[in-house]
Amino acid sequence: MRPSRRVARLVALLGLPLVLAAFAAEGRFGITRYRLAGTAYAVPHTYEFSRNFRLPWLDALPGLGREPADSLWLMLPAAEVAAGLPGYSPLSHGHAGPFATDLVVHVVGDPDGRRFAPLHARQWGIFDARLAEGAPWRPDPSGGERLVHSEGVDHRRFYRLPSRHAARPADQAPPGCLASDTSDKREVSTCTYLVHRDGLTYDFSLRPENLAVADRVPAYVLARLAAWKRPAPAREEAP
């Protein structure tokens, strides 16, 4: 599947600055080579999640401790994302105060959607089960509506949609969110997105300040990947 015109324009617009930054990072930090959906990428170590947050228990999780084939976990600094993705806030407010909203995204080569399809069906199936059970809808402070999955004294799980009547996108699972309350009763939350576009499946989380740009995150990540693209090795001629 070829990238949409909108994605192509974004890649062209951001291309030169990102390519220059990529070469600078490559020379300074070194690279790891990946292949996603048949395309080769040379990703600077500074953007690899597992190299920047090495924890023993990560080794047991697919794609974190050790990157599997056709899969990559990226960690993009909040300041860089804010500079390249209009509307992205580099800061959010958590239980301990403000912090940088670095973008962590799992990218999987999935040209025919085989990985995405069962996850999409499963998550919408859980959503439908909660609807059938009579789960309540509530307004979301960031806009849109929430379908409640479960609620506790100071925490809650829910799905966030533009509205209960919104059409279901074929390329996206329902965003699942987890929220809790601070000591002064202020809510903090995180929403996780699963999106399949341009032959890749993207899995990422956003804070409330950045929910409005969720639909543009895959195109931004694709533009970053384009700066790290490397030509496929030439085939040797048969004697």
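I need a count of the residues in the stretch 126-139 that are under 17 Å from residue 165 (Cα atoms), assigned to a helix (DSSP H, G or I) and without any contact (Cβ under 8 Å) to a residue 40 or more places away in the chain. Let's see the steps before the verdict.
Filtering the stretch 126-139 down to residues under 17 Å from residue 165 (Cα atoms) leaves 127-132, 134-139.
Then drop every residue that is not assigned to a helix (DSSP H, G or I), which leaves 127-132.
Then drop every residue that is not without any contact (Cβ under 8 Å) to a residue 40 or more places away in the chain, which leaves 128-132.
Looking only at that region, the number is 5.
At pLDDT 95 or above, aromatic (Phe, Trp, Tyr), within 21 Å of residue 208 (Cβ to Cβ) and part of a helix (DSSP H, G or I), is that true of residue 158? No.
Given the criteria more than 22 Å from residue 92 (Cβ to Cβ), of a type outside the set (Lys, Arg) and either surrounded by 19 or more Cβ atoms within 10 Å (Cβ to Cβ) or under 12 Å from the mean Cα position of the chain (by Cα) (or both), does residue 167 qualify?
The answer is no for residue 167.
The values are calculated or read from the model by the stated rules, or taken from the named source; none is laboratory data. From a predicted model like this one, the values you see are computed outputs, not experimental measurements. Methodologically, a virtual Cβ is constructed for each residue, glycine included, from the backbone with ideal geometry; neighbour enumeration extends over all protein chains shown.
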